[in-house]
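**Student:** Take a look at the following structure, please.
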Amino acid sequence: MKKQLPFLCPDESYIEKMLRSTKAIVILARDNNTIIGVAGGWWEGTPSGYEVEDKILKQHGVYHEAHLDWLAVREEYREKGIGTKLVQKVCDWAGERGKSRIWVEVSLEKEVFDKVVFYNRLGFKEIGRFRDEKGEEYVTMLKRL
């Protein structure tokens, strides 16, 4: 799997756990036989692993709402709408299963593009910020479905 998804964040065992779960979804985008993008989500939000973020989620009443866990698009395929389509598919999947909101945590570490702006364009709004144990800053964002 890692050979086909070298651009992906979660490790292989985590992806396999999602694929085995009835409460998770993994969506692939392909260009012919090449995987060019992937997104994963949980039907019911999982504990984030960060006490501050879990508190934010509980304050907003979304701790058990859907969770857009991760999104990755090969660099050469970015800015073509692939990430937008993958996020929308995860949102549609959650909405079809009765969820009214979905949340995502976004690292503020700059890469090729501003992730907060990307998610804002898709209707996500900031509900809180926190730092992990390494000092990296994250934004927790929420979208109504």
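The values are calculated or read from the model by the stated rules, or taken from the named source; none is laboratory data. Every value quoted in this text rests on a predicted model; they were computed, and no experiment measured them. When we count neighbours, we look across all protein chains shown, and the Cβ atoms used for this are built from the backbone with ideal geometry, even at glycine.
**Student:** Which one of the conditions (1) part of a loop (DSSP other than H, G, I, E, B); (2) in contact with a Phe, Trp or Tyr (Cβ under 6 Å, 6 or more places away or on another chain); (3) at pLDDT 85 or above; (4) surrounded by fewer than 20 Cβ atoms within 10 Å (Cβ to Cβ) does Pro10 fail to meet, given that it meets all the rest?
**Tutor:** (3)
**Student:** Scan region 96-114 for residues that are closer than 15 Å to Trp70 by Cβ, among the charged types (D, E, K, R) and at pLDDT 90 or above and report the count.
**Tutor:** Number of matching residues: 1.
**Student:** Show the residue pairs that are 6+ apart or on different chains and have beta-carbon atoms under 7 Å apart, the first residue being within region 123-145 and under 28 Å from Gly98 (Cβ atoms), the second being surrounded by fewer than 13 Cβ atoms within 10 Å (Cβ to Cβ) and among the polar types (S, T, N, Q).
**Tutor:** Close Cβ pairs satisfying both conditions: Arg144/Ser100; Leu145/Ser100.
**Student:** Just to be sure I understand, how many residues within region 55-87 are closer than 19 Å to Thr140 by Cα and more than 16 Å from the chain's Cα centre (by Cα)?
**Tutor:** Residues meeting the conditions: 6.
**Student:** Have a look at Asp92, Asp69, Asp54 and point out the one that is at pLDDT 90 or above, surrounded by fewer than 18 Cβ atoms within 10 Å (Cβ to Cβ) and outside any loop (DSSP other than H, G, I, E, B).
**Tutor:** Asp92
**Student:** Can you run down the residue pairs with Cβ atoms below 7 Å, 6 or more apart or on separate chains, where the first is in region 14-31 and among the β-branched types (Val, Ile, Thr) and the partner is at pLDDT 90 or above and surrounded by fewer than 17 Cβ atoms within 10 Å (Cβ to Cβ)?
**Tutor:** Going by the 7 Å Cβ cut-off, the qualifying pairs are Ile27/Lys89.
**Student:** Considering only residues that are assigned to a strand (DSSP E or B) and out of contact with any Phe, Trp or Tyr (no Cβ under 9 Å at 6 or more places or on another chain), which ones fall in region 129-145?
**Tutor:** Across region 129-145, the qualifying residue is only Arg144.
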